[in-house]
Structure formats: C-alpha cells, structure tokens
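Q: Take this structure, written in structure tokens, and hold onto it; I'll ask about it next.
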Amino acid sequence: MKRLRTNVSSLRGSIEVPGDKSISHRAVMFGAIANGTTTIANFLAGEDCLSTIDCFRKLGVSITQNGSEVVVKGKGMEGLQEPMEILNVGNSGTTTRLLLGILAGCSFHACLIGDESIAKRPMGRVTKPLQQMGAKIDGREHGNYTPLSIRGGSLQAIDYRSPVASAQVKSAILLAGMQADGTTSVTEPHKSRDHTERMLKLFGAEVVVDGLTVSVTGKQALTGTHVDVPGDISSAAFFLVAGAIVPNSEITLKNVGLNPTRTGIIDVLKQMGADITIENIQNEESEPMGDITVRTSELNGIEIGGELIPRLIDEIPIIALLATQAEGTTVIKDASELKVKETNRIDTVVSELKKLGADIEATEDGMIIRGKTKLKANNLMVDSYGDHRIGMMLAVAACITEGGLTLNRPEAIAVSYPSFFAHLQQLIK
C-alpha cells in the first residue's frame, strides 16, 4: 500500500517519460528474428518488456541489457531454438500474442504461461487465425486462454478480416505471414496502432498498407538495425491530464512519441479545450516524437467514440478522470475492448472514481461522466486491481482530491512506468 499525495497546489517542470512499451517489445522481438545485431536506445525496462527479453533468451537469443540500452544478437527467422523451459509472459498481452505469431512458424514445441491476469485475457482472437494458417495450438478452452501449447511449422498465407481493431492481433498474423507461403493480409474495422508496419520496414521488410488492409509476403528476411524508442505517449498521458486539471500547473514532456495512430489523447485534450502545445518534432519518417507542454485548463465535456477509440484505448482510464473536471457531460462509447484488458477497465474505473465522489456510470461499451466534480476522500483506500493504468490514474486523481487517500497494490505501476512516483514527486511544487 502507498499513501498518495492529495490536494496538490501545482505541478511544474519538465520530465522525460520512459520509452514506449509497444515499440520496446517489438524492437526486441524483431531484433531476435533478424539477421545481425540490433541496438535499442531508450528501451523501457519495465516488467512487461523484461518478460519479452526473458522469453527470447529462453529461445536461444543473446540479449544484453544495460539499463535502457539493449543489444540483441539476431538468430534469423529460422534460428530460434526449442525452449527447455516454459515461456513466462508475466502480465504482458503484447508478449503473449506477438510471440505466438513468431512461434507459429517455428517447427518446435513451446508452452506459454502468464500471471493470473493474463489467464483471463482472450487469446482465441490470435490462436484461431494462426490455426487457420497451419499452427497447432491448444490450451484452456481450446486455446482461448493460457496456459498455451504451440507447435509451429509450415504455414499458409491467409486474408484475414479481423473483427476487432487490435494491433496485437494484426501483428501476430503479420509475423506469422512473414514465415508463410504466399501473401498474408489483415483487414481491420478501424486502423489500430501501426508500430509493427513501421518497424518491419525499418528492419528491411516490404509491407503494403492499403487503407485498413496491411499485407506482407512470406519468406522475407529481416536485417538488424538501430532503434530509437520514443517516450511512451500512454505514460505521458497521465501527466498531460495532471497538467490540465491540477491548479497553477505547467508541465513539459520531452521526446514523446507522436505516432498518428497513438495521439488520440492529444486530440481529446484539444477538443475539451486544454492549453497544449507541441514543439521540436523529429524522426517523422519512422516513429515521430516531440516535446509536449500542457497548462492548467478550463475543460468541456465531449463525446468520444468510433475510429478514435483504437487511438486512445489505453488512455481511457485517465480520460475518465479528465472528464470529471470538465463542465458538462462526457460520453465514452465503442470501447468494449476495455473489458478484456488487465482488468475490466470500465468497471474498475467507475468503481474507484465513484469512491472519490465522481458522477460516473458504466455503460455496455463505455461510460458517462458528468462534471465538474470536486473529488473528496476521508482516509479512503482505492485499488489498482493489479492494473498499472488504473494505479497511475488514481495517483493523478489524488492530486486534486481533498483528504487522505491510500493506494492498494501500487507495485502494478512498475509494469510500464517504474519511475512514475519519482517523476510525480519531482513535479509537485
């Protein structure tokens, strides 16, 4: 448990958030199956990404890590070795699903297991199309939940229409498609984050993007390269919201990733009236990044849904808090994907913010928040439910809450942002 700082008078200063979690995962994975050496700068040394490193070491890949600097000695597409141990993905859905796509083309047996949270997350959305391609996968409920057993081998290309806009589903199928005979395509209902497409190109692969369809031809080889990981906008989102809602605040976040498929949080802040500026944009051809400054703002409620949701799905917990401090009603819809994250984030967000007096209700695919509400606590305990994004949202909520507040299971935050509390303390004035 951790006692949270409440009723903060202002947040001021500049910080650099940790490296992007999605890009860090992929840099290790693609480096492992590439020919030659890959160097990674600003790698996120959080628990999820360390699970990825551990799994690939068990697959015979030499990976050295010195803080945020990582060197991967690639084995090539066919160089991975049958693991002597079970591959433990920890709490990481990205590790699980993308690793399945890679293992689908490997002619050996492997077992994947994760923590209690992973055991509840649906894997059929990945295992079923991989089975269609020829991989042999089994597990609880016919391969819909971990533990999972996979024996890969000869794969055939497919044209897959995904029922969900999910970068993890898309990436798993594309990684299997890189090893299949023929051309594999994935079509989504809305565009999900495109880190895999961008990084495959960086590693020398040919990727065709046509609207909502992404295609790769099989039997391509990747070549090791250097990857600069930008700051994670999903981590930055917590301080962007904090800067907008805590009185007398001005925060600058340096070198934050500005991939257009991830900047929904910035769009929402601007639509709600936040005072936000972006400067020093660089690296636009691969993964753009820049400096974002946010100041205390007068906010208004809006409706959030449709194709915007995949661009901010991980930020919805903190957007819900933002909405409690906006005048009028905010409606979040088309976000049923929140139910199958680390927790059911619709229920957990509503439950915990209600404890603080927020006027918020759950809907089938989102939530309705009525603001502006003064948050209060009287030596209350709130709970992360073991979900890093719920934990960080509650720590930011504490900044504008009157009274004592304690967070249960704060250690969950280390999954994506080990230095979160240190950075928050640094900004409190």
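Q: Could you tell me what % of all Cα pairs in segment 226-291 have separations over 13 Å?
A: Of all Cα-Cα distances in segment 226-291, 63 percent exceed 13 Å.
Q: Name the residue farthest towards the positive end of the dipole of segment 283-349 from the options 328, 306, 318, assuming +1 on Cβ of Lys and Arg, -1 on Cβ of Asp and Glu, about the Cα centre.
A: About the Cα centre, the residue reaching furthest to the positive side is 328.
Q: Across segment 41-99, what fraction of all alpha-carbon pairs, as a whole percent, falls in each successive 5 Å bin from zero upward?
A: 4, 19, 27, 27, 19, 5, 0
Q: Next up: Of the listed pairs 201/333; 21/333; 201/270; 270/341; 191/341; 21/354, which have alpha-carbon separations greater than 22 Å here? Don't jump to the answer; show the numbers that get you there.
A: Values: 201/333 34 Å; 21/333 25 Å; 201/270 32 Å; 270/341 26 Å; 191/341 19 Å; 21/354 30 Å.
Beyond 22 Å between Cα atoms: 201/333; 21/333; 201/270; 270/341; 21/354.
Q: Are any of the pairs 136/219; 120/372; 128/355 more than 31 Å apart by Cα-Cα distance, and if so, which?
A: Numbers: 136/219 20 Å; 120/372 35 Å; 128/355 40 Å.
Beyond 31 Å: 120/372; 128/355.
Q: Between residue 37 and residues 5 or more places away or on another chain, which pairs have amide H atoms under 5 Å apart, with H built 1.01 Å from N, and which residues are they?
A: 74, 224
Q: Can you list the HN-Hα couplings for segment 415-420, worked out from phi with the Karplus curve (6.51, -1.76, 1.60; θ = phi - 60°), rounded to whole Hz and with x for Gly and Pro?
A: Along segment 415-420, the couplings run 4, 10, 8, x, 9, 4 Hz.
Q: Sticking with this structure for a sec: Quick check on packing: order 367-373, 270-276 by the mean number of other C-beta atoms within 10 Å, highest mean leading. Spell out each step's value before the answer.
A: Details: 367-373: 20.1, 270-276: 16.9.
By packing density, highest mean first, the sequence is 367-373, 270-276.
Q: Working out 0.36 nm times the residue gap between residue 295 and residue 113, then minus their Cα-Cα distance, what length gain in nm do you get to one decimal?
A: 61.2 nm
Q: Within 10 Å of each residue's Cβ, count the other Cβ atoms and sort 49, 111, 106 from fewest upward.
A: 111, 106, 49
Q: Can you list residues whose amide H is under 5 Å from residue 14's amide H, if they're 5+ apart or on another chain and H is modeled 1.01 Å from N?
A: 252
Q: What whole-number volume per residue, in cubic angstrom, does the convex hull of the C-alpha atoms of segment 278-429 give?
A: Values: hull volume 20.3 nm³, N = 152.
Given the Cα convex hull of segment 278-429, per-residue volume reads 134 Å³.
Q: For segment 346-353, just list the computed ³J(HN,Hα) in residue order, Karplus coefficients 6.51, -1.76 and 1.60, θ = phi - 60°, integers in Hz, with x standing in for Gly and Pro.
A: These are the phi-based 3J(HN,Hα) values: 5, 5, 5, 4, 4, 4, 6, 6 Hz.
Q: Something else about it: In nm, to one decimal, how far is the modelled label at residue 331 from the one at residue 39, with both set 7 Å along Cα→Cβ?
A: 5.3
Q: Assuming R0 = 22 Å, what is the FRET efficiency of residue 1 and residue 361, from their Cβ-Cβ distance, to the nearest 0.05?
A: 0.20
Q: List the residues, sorted by chain then number, that are 5 or more residues from residue 155 or on another chain and whose placed amide H is less than 5 Å from its amide H.
A: Excluding prolines and chain starts, which carry no amide H, the hits are 181.
Q: Among 190, 49, 83, whose Cα lies farthest out toward the positive end of the dipole of segment 21-215, if unit charges sit on the beta carbon of Lys, Arg (+1) and Asp, Glu (-1)?
A: The one lying farthest along the dipole's positive direction is 190.
Q: What is the diffusion coefficient of segment 94-189 in µm²/s, taking the Kirkwood radius over Cα pairs and the Stokes-Einstein relation at 20 °C with a viscosity of 1.002 mPa s?
A: 167
Q: So what J values fall out for segment 163-168 if you push phi through Karplus, 6.51 cos²θ - 1.76 cosθ + 1.60 with θ = phi - 60°, rounded to Hz, Gly and Pro as x?
A: Values per residue, Gly and Pro as x: x, 10, 8, 9, 5, 5 Hz.
Q: Next question, about the same structure. Would you work out the charge dipole size for segment 174-332 about its Cα centre, treating the Cβ of every Lys and Arg as +1 and the Cβ of every Asp and Glu as -1, and quote it to the nearest 20 debye?
A: 220
Q: Still on this model: For the chain, build the convex hull from the C-alpha positions and give me its volume per residue in Å³.
A: Per residue, the Cα convex hull of the chain comes to 118 Å³.
Q: With the cut-off at 21 Å, report for segment 217-331 the share of all Cα pairs above it, as a whole percent.
A: 40
Q: While we're here: In a solvent-free Debye calculation with one equal scatterer on each Cα, what is log10 I(q)/I(0) for segment 1-98 at q = 0.15, 0.20, 0.25 Å⁻¹, listed in the order of the q values?
A: At q = 0.15, 0.20, 0.25 Å⁻¹ the computed log10 ratios are -0.62, -0.95, -1.35.
Q: Cut-off is 10 Å between beta-carbons; in what order do 116, 411, 337 appear when sorted fewest neighbours first?
A: Going from sparsest to densest Cβ surroundings: 116, 411, 337.
Q: While we're here: Using just the C-alpha positions of segment 21-215 as equal point scatterers, what log10 of I(q)/I(0) does the Debye formula give at each q in 0.16 1/Å?
A: -0.97
Q: Still on this structure, I have one more. Give, rounded to the nearest 20 debye, the magnitude of the charge dipole that segment 21-215 has about its Cα centre when Lys and Arg contribute +1 at Cβ and Asp and Glu contribute -1 at Cβ.
A: The dipole of segment 21-215 has a size of about 180 debye.
Q: Work out how much length residue 120 to residue 136 would gain on full extension: take 0.36 nm times their residue separation and subtract the Cα-Cα distance, in nm to one decimal.
A: 3.6 nm
Q: Let me ask something else about it. How do 99, 424 rank when sorted from fewest to most other Cβ atoms within 10 Å of their own Cβ?
A: Listed from fewest to most nearby Cβ atoms, that is 424, 99.
Q: Antiparallel DSSP bridges in segment 134-189: what percent, to the nearest 5?
A: That works out to approximately 55 percent antiparallel.
All of the numbers you see were taken from the coordinates with simple rules; none came from a lab. Not measured: the values here are computed from a predicted model. Note: ideal-geometry Cβ built from the backbone for every residue, glycine included; neighbour counts use all protein chains shown.
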